[in-house]
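Worksheet: the structure to be examined is printed underneath.
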Amino acid sequence: MKEHITLQARSESLNLHRIRIIRNYLDHDTCRTIVQALVISHLDYANAILMGLPACDINTLQRVQNRAAKLVLRESKFAGAKVCLKSLHWLPINQRIKHKVLSLVFKSLNGDAPQYLKNLLREAPKSKYRLQITDFHKIKKSH
């Protein structure tokens, strides 16, 4: 996956460079729309396959998103990325991945997903044993 992530980051960095060239001619909303269409949408595309990868791999894509946020807000490259992401209401890459996977699971369990996804998930059978955390602590103390 490292090769895929590297190629994707390189492609999106090129798109950011092209947008940066014309940034002075764009207002905030237009720039945000262009960045979301040409960069963020590409970072989101099929990102569910990145679930579970080490942070060092995800950080490559996170740096691209950070640069995109700073470009939209006209911040310097030394500005804090978390503040920029928060002001744009953008989730960081690892949270975007988790959100997508959890949304697919939720839709699958509630019948809103395509049939091929519904077939992949099955609800776990109810256990006849009910062990709560408070019960577990009581058991440990009694032994």
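None of the figures in this text is laboratory data; all of them are computed from the coordinates on show. All of these numbers come straight from a predicted model, not from anything done at the bench. Using ideal geometry, Cβ is built from the backbone for each residue, glycine included, and neighbour counts are taken over all protein chains shown.
Before moving on, here are some points about what is shown:
- Scanning segment 69-118 for residues that are surrounded by 15 or more Cβ atoms within 10 Å (Cβ to Cβ) and either acidic (Asp, Glu) or in contact (Cβ under 8 Å) with a residue 60 or more places away in the chain (or both) gives a single hit, 75.
- Note on segment 1-59: among residues that are part of a loop (DSSP other than H, G, I, E, B) and among the aliphatic types (A, V, I, L, M), the one that is nearest to residue 69 (Cα to Cα) is 26.
- Unique match (being within 10 Å of the chain's Cα centre (by Cα) and of a type in the set (Asp, Glu)) among 57, 44: 44
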